[in-house]
Amino acid sequence: MTSLQTAPDTIAQARVRRLPRFAPAIAGAVALAAGTLLGISLGWNVAGIVVVAVLLYLVGLNIWSRLVENARAATDRMMTSLIWVALGLAFIPLVSLLYKVITKGAPQLNGRFLTWTMRNVIGEPGGIYHAIIGTLLITLAATVISVPVGLLSAIYLVEYGGESRMARWIRFLVDVMTGIPSIVAGLFAYALFAIVVGPGTQFGIGGGVALSLLMIPIVVRSTEEMLKLVPNDLREASYALGVPKWKTIVRVVLPTAMAGIITGVTLAIARVIGETAPLLIICGNTDSSNFNLFGGQMASLPVFIYSSYTQPGRNPEILQNMAWGGALVLIIIVMALNLIARIAGRIFAPKTGH
Amino acid sequence: MNRTALRRVAAPGIAALALGLAVSACGASNENGGGSSSDSKLSGTLKGAGSSAQEAAMDAWRAGFQTDNSKVTVNYDPAGSGAGVEQFNAGAIDFAGSDSALDAEKGEVDAAKQRCGGVNALEVPNYVSPIAVVYNLQGVDKLQLSPATLGKIFSGEIKKWNDPAIAAENDGVTLPGDAIAPVHRSDESGTTKNFTDYLEKASGGSWKFPADKVWPIKSGEAAAQTSGMVAAVKAGKGSIGYADESQATDLQQASIKVGDAYVAPSAEGAAKALEASPVDDSRTEGDLAVKVDRTTTEPGAYPLMLTSYVIACPTYDAAKADLVKGFLSYVVSTDGQSKAADNAGSAPLPSSLQQKAAEIIDGIKAK
Amino acid sequence: MTTASVRTTSPKRRLGDVVFANLTRTAGALILVSLAGVAIFLTSEGLPAFGAKAGELQGHDNFLAYVAPLVFGTILAAVIALVIATPLALGVALAVSHYAPRRIATAIGYVIDLLAAVPSVVYGLWGIGFLGPKLIPIYQWLDEHLGFIPLFKGPASPTGRTIFTVGIVLAIMVLPIITAITREIFSQTPRLNEEAALALGATRWEMVRLSVLPYGRSGIVSAAMLGLGRALGETMAVALVLSASGVVTFNLISSTNPSTIAANIALSFPDSTGVARNALVASGLVLFVITFIVNFAARAVVARYEPGRKK
């Protein structure tokens, strides 16, 4: 990559006049100074100054380059700048979002917040224990449903299905399934249990079913990719020793791919643990802890955040602050899962030389 | 190898489970029912669902009742009135809270009868709360509006704050020429139903839509839930909306015209308006549905209010009967009503209604 | 493909093999069944809505009149999101694949993945609590100066909770998925094409324009469509942020906005009964069909170009 990037420089330098290496830095400094000056004299805020400075930089560098170098070089510089601007624009929301959640949520975190529920709590901050329990149980249920189905389907796709018509359809529809809106998954679970159990049924396992609908395609795809990476030599060596195919898969193929599979499953969990819409419909909400997946409404972190923020009752500050606290806890859980996925991938990686 | 593979698959699951158990082993700090002072014989779990308007009051009642009876758990799911009635009629819950009385035309009365084993269901008002007309106009601390003007404002006929119709009712108030931005609820809600019901009956024709849970006009700012409404009015200069009075205390509130006087929203006013309203006599005994008189001229009454009901059966299994009776008696008791007033800002039931309600609930018995 | 060669070298089948093979096949079939189940159960629960009488559907005469404005709002919000997100995503993807040094590129990739990890309800909190209020002055400016364009007809929303704000929030939410796919494709551009362009004296941008972008065209299209699919179905962020009235309008900055199917379900579901609830499920079915078609088309585009992309 580096060699590619320096190549045009040397070629171009030989033929045409170039701006000095530090030209972008100069242009940037000048643009920022001009923007600040203009902004202060006209009374803009920081955002306005930055926007104007960026525009000045883009235009200024373009003109400078056009004068000294040529139109093509100017366009090149312009596009390079635009790409970095795009990157900056993409970062702004993330930074501002994390900043907002941390500054609003961090003051909420304390022992009581994590170990209390909202049962019998009136007019004072309670805790999110019941929501954390609900989220863990519902996600566990979704995992218990998704992992066997996803794993076996992936094995079918790679080891048995091959290019058969059914395998091609499954592969294609699994891809399409990754795009199912989460609220549709929730409605599906609602409609399913309305018919099977009774109208208006709300319980934890329904959330597990809804989330598994979102989780299965992710598990299948990542597992399939991992199984494909297992070298064929391993399989053939095993067959040569007279080991049946299923034993080969269970004892040779799966262990080899295990690191990637675990990473994929953990990422899939991280993807669904923050889902709100399906749980709102099929799990409902409660303020006491409920350990029974098969009976009664079950609170979950995302639904707690949503309902606390939108229905804070008489002292809105208290519950809305708790919602930000809940959001911070949820983000921490998701980030931790992402981290675990990476670490697990490393730990379970097959040891070379064994 | 085989075992290893399984163990590896299981590892994250077991870890998660272990985490869950570890957290759960200690239980929630505030849920260890250590009510040694309580010598109540009641025990068991009650399930209710319905009106989200009642939630704050229900929290107070549940907390009070559970403290008195430490072996009892009362769950209330503020899923919405519709969901509450539906679940009650399906037999999924023991009692329901609803912002409107059971609707005979929709077959809800019959369904409830069927659910209660062929006996008519009980229905008593348990929660009354004034709805405030809230607005955001700098420098205008006192605003008086007649229902006819309100109807015109909310249907978009009056567009500016200094409209002659508004000015005529507010002598000595300097009204700005700002545009009026009416705010309504974007979700289905009992507050909207009661507000539109009030406009329909009291505006004298300037509001042309029937009462509905969904706002009938497709324009203007829309906000979800009471908090969204409050936030939208607070943020929007020149906006006007309607919200549960207890949750709108830091907003400017308009007085509405009742008879010849203007009345500011208050719990007492709401209770007075309820007292002045007749009980629907087409209903069966035990069904205390009130026909709220939106056009009452009773001095001090505030007829723009939400009346919410609790719906239950006259008979239950032996185990449930005492529980339901105990809890609902507490809800309509003076003690319970004042707890709700403290926590939810609701109006205590007028004594005549309270007495009737208590009598009806007292009749709950085991099958 | 690898799989084909596995089959040719299969050893003789035994009982365990038959059981295991059927087990995996059943699991695969279960996926097909569940997908069909989604359609079947949504249809069966949503069916009564099609025969609904006037007055039962939030003031609309029939289900079609009820769902049409919602479909409009859903598509409008998603298109705004796509118009904003696609150029940004392409920029970020190019930065990662061709512009940034390797170490920085990895870091950028991780940060963009973080965007994907933030739960949607948190985006909603951010949109209503931070982004919306910040955009109010911009909407007022647009209303005053560009009010002659129908898009900015105004009057500007006093709370910033407009469909345009929703579009921006959705854009941020779909950015990671578009970026992930396009950067994958860009980095697969044959090295020889790139080097040939550079050897001919092309600048870096010309190299990108002449070799990377044409190579990734179908990938960009399908990535954008997958982003569209995600934006169409997003629920909580829209439900929290949007001031929805369910009208049909292209006015992007006023407080009277179209609603979206998903947000309407989330807002109305808890307090609805009977036919109204059936109608919500039926509108969910419509959403399912729309996203299914969009995703189907996107994957079909990918599938068509897939063989050429693989080494």
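The values are calculated or read from the model by the stated rules, or taken from the named source; none is laboratory data. Everything numeric in this text was worked out from a predicted model, so none of it was measured. Glycine also receives a Cβ, built like all others from the backbone with ideal geometry; neighbour counts cover every protein chain displayed. We work out accessible area using only protein heavy atoms, side chains counted, and drop any ligands, DNA or RNA first. Shrake-Rupley method; radii C 1.70, N 1.55, O 1.52, S 1.80 Å.
Figures for the structure shown
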quantity: Contacts under 6 angstrom Cβ, first residue in the range A:155-182 being not assigned by TED's automatic domain parsing to the domain that holds A:MET215, partner at pLDDT below 90 and not hydroxyl-bearing (Ser, Thr, Tyr), 6 or more apart; calculated: none
quantity: Which numbered condition A:LEU187 misses (of (1) farther than 26 Å from A:ASP287 by Cα; (2) at the interface with chain C (Cβ under 9 Å from one of its Cβ atoms); (3) of a type outside the set (Asp, Glu)); calculated: (1)
quantity: Lone qualifier among B:VAL331, B:VAL290 - being touching a strand residue (DSSP E or B) at 6+ places or on another chain (Cβ under 6 Å) and more than 27 Å from B:SER203 (Cα to Cα); calculated: B:VAL331
quantity: Any hit, the range A:273-287, residues being over 26 Å from C:LEU32 (Cβ atoms) and over 26 Å from the mean Cα position of the chain (by Cα); calculated: yes
quantity: Segments classed as helices (runs of 4 or more DSSP H), wholly inside the range A:210-306, with at least 1 members that are within 12 Å of chain C (Cβ to nearest Cβ), open to solvent by less than 40 Å² (accessible area, probe 1.4 Å) and β-branched (Val, Ile, Thr); calculated: A:245-248, A:254-272, A:277-282
quantity: Unique match (being open to solvent by 10 Å² or more (accessible area, probe 1.4 Å) and either within 14 Å of chain B (Cβ to nearest Cβ) or in contact (Cβ under 8 Å) with a residue 12 or more places away in the chain (or both)) among C:THR291, C:THR256, C:THR260; calculated: C:THR256
quantity: Selection from the range A:38-65 of residues that are more than 10 Å from chain C (Cβ to nearest Cβ), modelled with pLDDT under 85 and either open to solvent by 50 Å² or more (accessible area, probe 1.4 Å) or not in a helix (DSSP H, G or I) (or both); calculated: A:LEU38, A:ILE40, A:SER41, A:LEU42, A:GLY43, A:TRP44, A:VAL46, A:VAL50, A:VAL51
quantity: Boolean, B:SER239 is out of contact with any strand residue (DSSP E or B) (no Cβ under 8 Å at 6 or more places or on another chain) and outside the structural domain of B:ALA56 (by TED's automatic domain parsing); calculated: no
quantity: Residue, nearest to the other protein chains (Cβ to nearest Cβ), within the range B:203-216, restricted to residues that are open to solvent by less than 30 Å² (accessible area, probe 1.4 Å) and under 18 Å from C:SER268 (Cβ atoms); calculated: B:VAL214
quantity: Failed criterion for A:ILE343 (all others in (1) at the interface with another protein chain (Cβ under 10 Å from one of its Cβ atoms); (2) open to solvent by 20 Å² or more (accessible area, probe 1.4 Å); (3) not small (Gly, Ala, Ser) hold); calculated: (1)
quantity: Test: residue in the range A:104-127 that is at the interface with chain C (Cβ under 10 Å from one of its Cβ atoms) and surrounded by fewer than 23 Cβ atoms within 10 Å (Cβ to Cβ); calculated: yes
quantity: Residue among C:LEU42, C:LEU70, C:LEU47, C:LEU57 that is at the interface with chain A (Cβ under 8 Å from one of its Cβ atoms) and aliphatic (A, V, I, L, M); calculated: C:LEU42
quantity: Among the candidates B:ASP187, B:ASP244, residue that is among the charged types (D, E, K, R) and more than 9 Å from chain C (Cβ to nearest Cβ); calculated: B:ASP244
quantity: Some residue of the range A:128-151 being farther than 27 Å from A:VAL265 by Cα, touching a residue at least 12 places away in the same chain (Cβ under 8 Å) and crowded, with 19+ Cβ neighbours inside 10 Å; calculated: no
quantity: Pairs with Cβ under 8 Å, 6+ apart, first in the range C:216-236 and without any contact (Cβ under 8 Å) to a residue 40 or more places away in the chain, second outside any helix (DSSP H, G or I); calculated: C:GLY216/C:THR189
quantity: Any pair with Cβ under 6 angstrom, 6 or more apart, that starts in the range B:240-255 at a residue that is on the phi < 0 side of the Ramachandran plot and aromatic (Phe, Trp, Tyr) and ends at one that is assigned to a helix (DSSP H, G or I) and crowded, with 24+ Cβ neighbours inside 10 Å; calculated: B:TYR242/B:PHE195
quantity: Residue ID - farthest from the other protein chains (Cβ to nearest Cβ), chosen from residues in the range A:190-200 that are open to solvent by 20 Å² or more (accessible area, probe 1.4 Å) and either touching a strand residue (DSSP E or B) at 6+ places or on another chain (Cβ under 6 Å) or in a loop (DSSP other than H, G, I, E, B) (or both); calculated: A:VAL197
quantity: Test: residue in the range A:70-80 that is within 10 Å of chain C (Cβ to nearest Cβ), over 25 Å from C:ILE108 (Cα atoms) and hydrophobic (A, V, I, L, M, F, W, C); calculated: yes
quantity: All positions within the range A:157-174 that are facing chain C (nearest Cβ under 7 Å), open to solvent by 10 Å² or more (accessible area, probe 1.4 Å) and either within 19 Å of A:LEU229 (Cα to Cα) or among the polar types (S, T, N, Q) (or both); calculated: A:TYR160, A:GLU163
quantity: Residue that is crowded, with 24+ Cβ neighbours inside 10 Å, under 24 Å from the mean Cα position of the chain (by Cα), aliphatic (A, V, I, L, M) and more than 8 Å from chain A (Cβ to nearest Cβ), where the choices are C:ALA223, C:ALA266; calculated: C:ALA223
quantity: Test: residue in the range B:336-347 that is in the same structural domain as B:ARG62 (by TED's automatic domain parsing), within 21 Å of B:ASN120 (Cβ to Cβ) and under 22 Å from the mean Cα position of the chain (by Cα); calculated: no
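Residues are listed down the side, and each one gets a yes or a no for (1) in a helix (DSSP H, G or I); (2) out of contact with any His (no Cβ under 8 Å at 6 or more places or on another chain); (3) farther than 30 Å from B:PRO314 by Cβ:
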position	(1), (2), (3)
B:VAL233	yes, yes, yes
B:LYS257	no, yes, yes
B:ALA273	yes, yes, no
B:SER277	no, yes, no
B:THR284	no, yes, no
